[in-house]
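J.: Before I ask anything, here is the structure I am working with.
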Amino acid sequence: MSTRDSKGSSVRGPGDRARLSAALREARRRANLTGADAGHKGNMSQSKISKIERGFLLPSVDDVDALCRIYDVADDERAGLLALVNGLRSEASTRVILARGAAEFQRRIGQLEESASLIRAYEPAMVIGLLQTPAYMRCVFSTPDSQALSAQHVADSVTARLSRQVALRDESTQFVLIMAEGRCAGRRARRRSWPSRSRR
């Protein structure tokens, strides 16, 4: 189940995926729809609806949004479920990236940024990578709730991410970077004192 940090911010826990599944199942039942009905209205298979409700398949944000609309879920509950699935999917993506090689992934992003004339980024949970300080990066790559990286892999990943900041000095590149600063006080932040968050 979810807990809350000292500032009252919602913190994901191991039961959140089950909570999402149960909430969607209950919402469908309140709407008096079968799994087949929900699948038909949402352009999904009955099997997909079943897997989502049993926790075997993590739905996309669009899936949850569509189901909430089909079930006529109240706006506040819908917002909570969308935030929940967004957090779960972000965490899942982080684990995949770390498993495949964080440093190499950073280098690949850097190559894309070097060739871009416009870079847009939105981060609801932490400081955008391009704006992080080395100390902040080390906290990100060594956070204990992700797949563990060795000290050398953490250092390589920090170096690779730092090298991406060269793009910030390219006056021909336009940046649109949006962060929800209040979300920085999440699960990672409560476990340690975070260093200064950005260079500018």
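The values are calculated or read from the model by the stated rules, or taken from the named source; none is laboratory data. None of these values were measured; they are calculated from a predicted model. Note: ideal-geometry Cβ built from the backbone for every residue, glycine included; neighbour counts use all protein chains shown.
Per-residue answers, yes or no, for (1) under 30 Å from residue 66 (Cβ atoms); (2) at pLDDT below 85:
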{"residue": "86", "(1), (2)": "yes, no"}
{"residue": "92", "(1), (2)": "yes, yes"}
{"residue": "95", "(1), (2)": "yes, yes"}
{"residue": "113", "(1), (2)": "no, no"}
{"residue": "117", "(1), (2)": "no, no"}
{"residue": "123", "(1), (2)": "yes, yes"}
{"residue": "127", "(1), (2)": "no, no"}
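J.: Just to check your reading of the model, which residue among 38, 23, 99, 103 is at pLDDT below 90 and buried (at least 18 other Cβ atoms within 10 Å of the Cβ)?
T.: 103
Yes or no, residue by residue, for (1) touching a strand residue (DSSP E or B) at 6+ places or on another chain (Cβ under 8 Å); (2) over 18 Å from residue 160 (Cα atoms); (3) in the same structural domain as residue 173 (by TED's automatic domain parsing); (4) surrounded by 19 or more Cβ atoms within 10 Å (Cβ to Cβ):
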{"site": "31", "(1), (2), (3), (4)": "no, yes, no, no"}
{"site": "60", "(1), (2), (3), (4)": "no, yes, no, no"}
{"site": "86", "(1), (2), (3), (4)": "no, yes, no, no"}
{"site": "90", "(1), (2), (3), (4)": "no, yes, no, no"}
{"site": "111", "(1), (2), (3), (4)": "no, no, yes, no"}
{"site": "115", "(1), (2), (3), (4)": "no, no, yes, no"}
{"site": "118", "(1), (2), (3), (4)": "yes, yes, yes, no"}
{"site": "131", "(1), (2), (3), (4)": "yes, no, yes, no"}
{"site": "136", "(1), (2), (3), (4)": "no, no, yes, yes"}
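J.: Determine whether region 65-77 contains at least one residue that is assigned to a helix (DSSP H, G or I), touching a Ser or Thr at 6+ places or on another chain (Cβ under 8 Å) and either at pLDDT below 85 or not β-branched (Val, Ile, Thr) (or both).
T.: No: zero hits.
J.: Among the residues of region 166-176, is there at least one that is under 30 Å from residue 84 (Cα atoms), modelled with pLDDT of 90 or more, surrounded by fewer than 15 Cβ atoms within 10 Å (Cβ to Cβ) and touching a Lys or Arg at 6+ places or on another chain (Cβ under 8 Å)?
T.: Within region 166-176 (the criterion being under 30 Å from residue 84 (Cα atoms), modelled with pLDDT of 90 or more, surrounded by fewer than 15 Cβ atoms within 10 Å (Cβ to Cβ) and touching a Lys or Arg at 6+ places or on another chain (Cβ under 8 Å)), the answer is yes, since at least one residue qualifies.
J.: Could you figure out which of (1) out of contact with any Phe, Trp or Tyr (no Cβ under 9 Å at 6 or more places or on another chain); (2) closer than 20 Å to residue 78 by Cα; (3) at pLDDT 80 or above; (4) polar (S, T, N, Q) isn't true of residue 9?
T.: (3)
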